Amino acid sequence: MPIEVGKDTSKTRKHLTVGDQSVAYYSIPAAEAAGLGNFERLPASLKVVLENMLRFEDGGRTVSVDDIKAFGEWADKGGKNPREIAYRPARVLMQDFTGVPAVVDLAAMRDGILGLGGDAKKINPLVPVDLVIDHSVMIDEFGNPRAFQMNVEREYERNIERYQFLKWGQTAFENFRVVPPGTGICHQANLEYLAQTVWTDKDQAGEMVAYPDTLVGTDSHTTMVNGAAVLGWGVGGIEAEAAMLGQPISMLIPEVVGFKLTGAMVEGTTGTDLVLKVVEMLRKHGVVSKFVEFYGDGLDNLPLAQRATIANMAPEYGATCGFFPIDAETLRYMEQTGRDKDRIALVEAYAKENGFWRGADYDPIYSSTLELDMSTIVPAISGPKRPQDYVPLTAAAGAFEDGVIDFRGIDQSEEALDGRGRRLRAQGRQRRDRVDHLLHQHLEPLRHDRRGSGGPQGA
């Protein structure tokens with residue numbers, strides 16, 4: 001189904017030709033030229049939201065020109081301007097727990113409109129929806145070459161009615177796709193296959209429009225896809241259904257915390273070591289309800305797989321998302337995962353034309369910043385209680401001891417420690433006296449035997 005774009009009061013719609021394809025797009029530089037504000041130094045993550053306002057500006061019914069101007073004021077105010085806006089994601093990602101009820105709701109709506117004498121085919125998702133079946137496969141077989149195939153076959157046998165229903169839904173509804181069980185978790189499918197970084201679709205006039213790929217998903221770790229410069233976060237099932245039916249998400253223009261990465265990881269460290277340190281720093285800084293955007297020359301040394309690991313942990317550090325701008329690594333990953341060459345070319349051209357590209361001079365304004373030299377990262381473990389806790393491997397023994405003390409509820413007050421020290425010293429003296437007594441009992445007969453056998457005196 002086509003997307004319903006707005007009125008474009010400020011005439012920001014332009015055209016971009018890449019190879020053999022020509023697309024319309026909503027230009028941020030054109031918005032600046034129209035006097036709507038200075039957007040040049042906005043973070044890329046916030047420019048994604050700004051482009052959304054340009055595309056859906058409808059004279060104030062849901063998005064006004066003043067909403068667009070507020071983004072320029074955000075930069076002027078040092079990264080803060082909490083104005084309420086209406087944001088529309090490009091698509092919705094669902095897993096089976098929430099996706100199946102959503103399809104049931106659509107089917108019920110079709111049944112209802114039929115009862116009123118209407119056309120059931122008019123009931124469809126208004127934005128693309130992908131339903132990934134990844135929460136229901138059980139493990140019956142393991143440790144043999146056919147285990148995977150047998151587990152998937154039994155999943156179909158157990159839930160055949162569900163899959164018949166979803167198969168019907170995929171063919172009956174527009175804008176609706178189902179990823180079958182056994183394909184992978186929804187975040188993996190989203191990152192490696194579904195995400196396009198720059199999305200394209202026809203508008204109500206039939207013209208192809210390019211715009212940033214954005215989404216909401218019914219899983220908190222939807223944020224993983226931000227590693228590929230796709231703005232997304234997790235929502236509840238009701239919010240996802242509302243977005244699926246074209247309802248905008250009401251939100252405040254967020255603060256954006258800039259996290260500058262420099263240097264490179266040293267040999268022997270992993271992406272997990274890095275992400276644990278990043279989480280520790282961000283939790284200490286405080287990023288709840290904020291965007292986090294990563295920048296700095298250290299990104300040149302950070303593969304997209306590790307970026308996705310950091311983005312995936314956004315729920316653990318409390319941010320709405322952890323975003324990585326489009327750069328050469330984004331394009332390399334898209335090529336590596338088999339994206340269409342025309343799509344990759346469009347992503348590069350669009351990002352550079354509309355101000356989303358992270359180049360050597362990328363230095364936006366942020367609400368606040370942190371910095372980390374990745375060469376200082378050391379091997380670490382998480383826990384012992386929470387997966388986001390950062391414990392350097394060299395401190396693991398002490399952390400384990402603290403965990404045991406905490407688990408047992410041992411009093412660690414100064415008075416208790418002083419009293420415990422006196423008791424331990426007394427217990428130590430008693431143990432030494434006991435050992436001395438046992439040694440004396442054991443050795444005295446030996447000394448007697450040696451004296452009786454003519455051994456040296458005093459042995």
Checking Phe97 against (1) open to solvent by 40 Å² or more (accessible area, probe 1.4 Å); (2) under 24 Å from the mean Cα position of the chain (by Cα); (3) closer than 27 Å to Pro254 by Cβ, which single condition isn't satisfied? (3)
Subset of segment 204-215, residues in contact with a Pro (Cβ under 6 Å, 6 or more places away or on another chain) and within 21 Å of Thr330 (Cβ to Cβ), comes to Thr214, Leu215
Segment 54-63: number of residues that are at positive phi and crowded, with 24+ Cβ neighbours inside 10 Å: 0
Working carefully through the options Gln164, Gln170, Gln149, Gln196, find the one that is over 19 Å from Thr98 (Cα atoms) and modelled with pLDDT under 95. Gln149
Any idea which of (1) under 19 Å from the mean Cα position of the chain (by Cα); (2) among the β-branched types (Val, Ile, Thr); (3) closer than 24 Å to Ser375 by Cα; (4) open to solvent by less than 30 Å² (accessible area, probe 1.4 Å) is the one Thr269 doesn't satisfy? (1)
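Can you tell me which residue among Glu280, Glu348 is part of a helix (DSSP H, G or I), in contact with a Phe, Trp or Tyr (Cβ under 9 Å, 6 or more places away or on another chain), under 28 Å from Ala210 (Cα atoms) and open to solvent by 10 Å² or more (accessible area, probe 1.4 Å)?
Exactly one of Glu280, Glu348 is part of a helix (DSSP H, G or I), in contact with a Phe, Trp or Tyr (Cβ under 9 Å, 6 or more places away or on another chain), under 28 Å from Ala210 (Cα atoms) and open to solvent by 10 Å² or more (accessible area, probe 1.4 Å), namely Glu348.
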Determine whether segment 110-124 contains at least one residue that is over 25 Å from Pro2 (Cβ atoms), in contact (Cβ under 8 Å) with a residue 12 or more places away in the chain and open to solvent by 30 Å² or more (accessible area, probe 1.4 Å). no
Single residue of segment 318-345 satisfying the filter (open to solvent by less than 10 Å² (accessible area, probe 1.4 Å) and assigned to a helix (DSSP H, G or I)) that is nearest to Lys77 (Cα to Cα): Thr330
Look at segment 201-223 and say how many of its residues are surrounded by 23 or more Cβ atoms within 10 Å (Cβ to Cβ) and assigned to a helix (DSSP H, G or I). 2
For the structure I just gave you, tell me whether Val288 is at pLDDT 95 or above and either among the hydroxyl-bearing types (Ser, Thr, Tyr) or assigned to a loop (DSSP other than H, G, I, E, B) (or both). yes
Suppose the filter is without any contact (Cβ under 8 Å) to a residue 40 or more places away in the chain and acidic (Asp, Glu); does Glu335 pass it? yes
Check Val129, Val103, Val137 and return the single one that is in contact with a strand residue (DSSP E or B) (Cβ under 6 Å, 6 or more places away or on another chain) and either open to solvent by less than 80 Å² (accessible area, probe 1.4 Å) or among the polar types (S, T, N, Q) (or both). Val129
Only one of (1) touching a strand residue (DSSP E or B) at 6+ places or on another chain (Cβ under 7 Å); (2) of a type in the set (Val, Ile, Thr); (3) over 29 Å from Gly338 (Cα atoms) fails for Ile160. Which number is that? (1)
Helices (runs of 4 or more DSSP H) contained entirely in segment 144-200, each with at least 1 residues that are open to solvent by less than 20 Å² (accessible area, probe 1.4 Å) and touching a residue at least 40 places away in the same chain (Cβ under 8 Å): 160-172, 186-189
Among Glu32, Glu51, the single one that is in a helix (DSSP H, G or I), at pLDDT 95 or above, open to solvent by less than 10 Å² (accessible area, probe 1.4 Å) and acidic (Asp, Glu) is Glu51
Identify all residues within segment 360-391 that are assigned to a loop (DSSP other than H, G, I, E, B), open to solvent by less than 30 Å² (accessible area, probe 1.4 Å) and at pLDDT below 95; write none if there are none. Ile377, Gly383, Gln388
Those residues of segment 15-29 which are surrounded by 15 or more Cβ atoms within 10 Å (Cβ to Cβ), out of contact with any Lys or Arg (no Cβ under 7 Å at 6 or more places or on another chain) and either under 28 Å from Met244 (Cα atoms) or among the polar types (S, T, N, Q) (or both), in sequence order: Gln21, Val23
May I ask you to list the residues in segment 226-253 that are assigned to a loop (DSSP other than H, G, I, E, B), open to solvent by 10 Å² or more (accessible area, probe 1.4 Å) and not polar (S, T, N, Q)? Val235, Gly236, Leu245, Gly246, Pro248
Name, by its number, the condition in (1) free of Cβ contacts under 8 Å to residues at least 12 places away in the same chain; (2) over 14 Å from the mean Cα position of the chain (by Cα) that does not hold for Gln204. (1)
For Val63, indicate whether it is within 23 Å of Ala240 (Cα to Cα), part of a helix (DSSP H, G or I), in contact with a Pro (Cβ under 9 Å, 6 or more places away or on another chain) and not small (Gly, Ala, Ser). no
Considering only segment 285-301, I want to know if a residue exists there that is touching a helix residue (DSSP H, G or I) at 6+ places or on another chain (Cβ under 6 Å), small (Gly, Ala, Ser) and surrounded by 22 or more Cβ atoms within 10 Å (Cβ to Cβ). no
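The values are calculated or read from the model by the stated rules, or taken from the named source; none is laboratory data. Since the model is a prediction, treat every value here as computed from it, not as a measurement. Glycine also receives a Cβ, built like all others from the backbone with ideal geometry; neighbour counts cover every protein chain displayed. We work out accessible area using only protein heavy atoms, side chains counted, and drop any ligands, DNA or RNA first. Shrake-Rupley method; radii C 1.70, N 1.55, O 1.52, S 1.80 Å.
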